[in-house]
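*Asks:* Here's a structure for you.
Values quoted throughout were computed directly from the atomic coordinates according to the rules given, and no laboratory measurement underlies them. Computed from a prediction, not measured in an experiment: that's the story for all the values here. Note: ideal-geometry Cβ built from the backbone for every residue, glycine included; neighbour counts use all protein chains shown.
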Amino acid sequence: MAKIALLIGVGEYGLGLNPLPSAVKDVEAMQRVLQHPEMGQFDQVKTLANPDPLVMQGEIENLFADRDKDDLVLLFFSGHGVKDDSSRLYFATTITRKTTQGELVKSTAVPASFVLDVMKYSSSKRQIILLDCCFSGAFAEDMRAKDDGSVDVQTQLGGEGRAVLTSSTSTQYSFEQQGSDLSVYTRFLVEGLETGAADLDNNGVISIDELHEYASRKVKDAAPAMKPKIYAVEEGFKIRLAKAPTGDPKLSYRKEVERSASRGEISDVARYTLNIRQRQLGVSSAEAQEIEGQVLKPYQEYKQKLQQYEEVLAKALKRENPLSVYTRQELKRFQEVLGLENRDIEPVEARLSLLREVVQPQPISSPQPSNAASPPVQPQYREETIDPLQSAARTPTGPTLSHSSEASPPRVQPQHRVEVPAQPESSRPATPSIRTERIQAAWIFWLKWVLATAVGESVTNVMFFQVTNGGQSIGVIPSFASSAVGGAIFGILQGFILRRYLPKTHWLLASTLGYAMGSVPSGGIITVANWVSGAVSGLVLGIFQWLILRQHFSKAGWWILGSAVGWATCWAIETTNSNPNWGNVNGFAVYGFVGGMTAGAITGGVMIWLTRHPTPGKSGVQ
C-alpha cells in the first residue's frame, strides 16, 4: 500500500483570467504537511507549478496509472476552474485564456472529463480530489452573467471510493486571504493537518470528513461567502489522510480554546477555564497566547472585513445618497472580494441607510434645595442629523454574540446600537424607517422630474411662438428647431436628476435628438394633429431615450409606452383652443408649462418604476 500525491498550483494565466499568486504557495504548504513523517506520511509527493495543458494531463494520468487497489491517490489543484457554455468544467493552465467575448479557449485548459476518465480506469479504490478553485474565473474583466451558474462537481468527479473536497459549490472567486500567503481554503486544510486540530474524535487519525468539517467551519468564519463542500461515495468519507499527535498538551489546549471561542471571543467564565487547563497541561503563557491568537484570527479577520465594508459604505453615502447604480456595482464587487454574504452586510447597510438617529444626552435637572425632596429626574432627548462617518465612529463596534444552527457556524455580527433608557412609547423620539425615507426620496425625485420637464416644454413653446410668428408660419424646420432647444433644456435638467444612475451627456443627446426628430412627422401642425402628434413625438423621443435606458434597466421597453402616453396628454392640453390667451407668448408659455407638468408626472412615475428593475448583474436603485 502506497500513498501518492500530485499537487498542482496555477497562478499565472492568459487573457481574461486574474492571476492567483497564492496558488503555488498553496502547493508548497500542502507538500510540507503531506510529506511530514509524523503527519501525512505520503510516500511520494510531486508538485507542478504553472504547467501547460499537455504536461498537466500527462502528470495526472501518471498519478492514477499502475496503482494497486489499496493505494491512496491524492490530486490537489489550486487555481482557476472555468466552464464552457454547457457547464462543463475545465482546470485552467498557465496558457488558459478567454476570447474578448468571454468564451473559454478550450484547447488551453484541461477538461474535468479527462480527470474523470483516468480516475475511472485506475485500480486504486481510495482516491481523494482537493479543489481550491473558482469555477468560472470570477472577477475577470470580461465575466458575463451566464458564467454565474453552478458546476455539478459530484456528477463530473464523483464515483466509487472517491472523496472530492471543494472550496465552493458555485462559480465564485476562490478568495486569497489578506495578510496570508495562502488562499483561504488551503490555509485551513493545512492548519487542520499541521496542528492536528482536524482530529475531531481524538483518535490520532484525521479522516477526510474530519478535515472537511474543520476547514469548512474555519472558512465560513473567515469568508462566509465561500461554502466548502464534500462529495464522497461508499468509504470515501472515512479515508484516513493523516495522523495527529495524541497526548500533545498544545493540541489539547488548542481544542479547549476552540470550544471556548465558539462565539468569536473568550468570555470571562471561559477565561477561568482556560487558565486552569493551561496550568494542568503545562502550557506556557507565550504558547497559550500564540494558540489563542491562531484560533481567534478568523473571527478577527471577519470583523475587520465588516469594518472595512462599513467604512467604504459610509464614505459612499456621504458622497451620494441614494447610491447610484455604478456605486452599488462597485460595492457589490467589494463585498465579493471581501468574501461577505448579503446577510453579513445587511445590518451595516440598514443602519447606515437611516439618516437620523436617536442620541442620548446627559439628563438635565434643576438645582434643588438640600432640604427639599428631589423629584425624580426625567431623562431628556434630542434628535440629531448624523453624518454616516461620524455615526460609525461613535457607535460601539464590539461583536454581537449570537447562536446559530449546526449547519451554519457561529457568526460574529457588528453591534451598532445606541443605548437609550426605557421610557413610555408616547415620549420616545421617532426614528424614520428605511421604507419611509425611500418613499420620500421617490417623491423628491418625481417632483424634480416634473419641474424639469415643465420648464423644458415651456421653453419649447416660447421658441415655437417666436420662430413661427405666433404660430402663423408653421413648418417642419421651425418645429424641429424649437423642439431641439426645448429637448436640450429638459435633457440637461433631467440628466442632472439622473446623474447618479446614468451618464448625463448620453441623456442630453437622446433627449435633444429624440424630441427634435419627434416633431418632424407632424410638421409642427399642432392644431390639426392634436394628441396624435404628441403621441408620435413621445414615441420617437422614447425610442431615443430607450437606447440609453436599456443598458441600465431590464424593463426599459415600457419607457417608450410611458413617453408616448405622457407627451400625447401634454400636447392634448397645449392645443386646447378655447383659451383666449393662446394666441400670445404668455399663453404659449403657460400651456407649455402645464402640459410639461403632465408629461413629467407620467414619465417621472415610469422612471421611478424603472429604477427598481436594474439589468441582470447591476444593483437596483433604492
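*Asks:* Can you list the residues, at least 5 places off or on another chain, whose amide H is less than 5 Å from the amide H of T47, using H built in the peptide plane?
*Replies:* Hits under the 5 Å cutoff: L7.
*Asks:* Let me ask you something else. For a 26 Å ceiling on Cα separation, which of these pairs sit above it: K120/K229; K220/K250; K69/K218; K98/K303; K120/K220; K220/K318?
*Replies:* Working: K120/K229 22 Å; K220/K250 24 Å; K69/K218 34 Å; K98/K303 36 Å; K120/K220 32 Å; K220/K318 31 Å.
The answer is K69/K218; K98/K303; K120/K220; K220/K318.
*Asks:* Using modelled backbone amide H atoms (1.01 Å from N, in-plane), which distant-in-sequence or interchain residues come within less than 5 Å of A242's amide H?
*Replies:* I206
*Asks:* Let me ask another. So who's got an amide H within less than 5 Å of the one on G16, skipping anything under 5 residues away but keeping other chains? H placed 1.01 Å off N, in plane.
*Replies:* Result for G16 returns K98.
*Asks:* Assign one of three labels to the stretch 1-122, namely rounded, prolate or oblate, based on the Cα gyration tensor with a ≥ b ≥ c the square roots of its eigenvalues; rounded applies when a/c is under 1.5, prolate when it is not and a/b is larger than b/c, and oblate otherwise.
*Replies:* Details: a/c = 2.90, a/b = 1.56, b/c = 1.85.
Since a/c reaches 1.5 but b/c is at least a/b, the shape of the stretch 1-122 is classed as oblate.
*Asks:* In a shell of Cβ-Cβ distance under 13 Å around E292, excluding E292 itself, what net charge do Lys and Arg (+1) and Asp and Glu (-1) give?
*Replies:* That sum, taken over residues with Cβ under 13 Å, equals +2.
*Asks:* Below 16 Å, Cα to Cα, which lysines can K555 reach? Residues fewer than 8 away in the same chain don't count.
*Replies:* Straight-line reach from K555, under 16 Å: K618.
*Asks:* Right, another one. If packing is taken as the average number of other Cβ atoms within 10 Å across a peptide's residues, how do 311-321, 280-290 rank, most packed first? If you can, show how the numbers build up before the last one.
*Replies:* Details: 311-321: 15.8, 280-290: 13.5.
Averaged packing, sorted descending, gives the order 311-321, 280-290.
*Asks:* Find which of A316, S267, F237 sits farthest along the positive direction of the dipole of the stretch 235-339, computed with +1 on the beta-carbon of Lys and Arg, -1 on that of Asp and Glu, about the Cα centre.
*Replies:* F237
*Asks:* Each residue of the stretch 483-495 in turn: what ³J(HN,Hα) in whole Hz from Karplus with 6.51, -1.76, 1.60 and θ = phi - 60°, glycine and Pro shown as x?
*Replies:* Computed from phi, the couplings for the stretch 483-495 are 5, 5, 5, x, x, 5, 5, 6, x, 5, 5, 5, x Hz.
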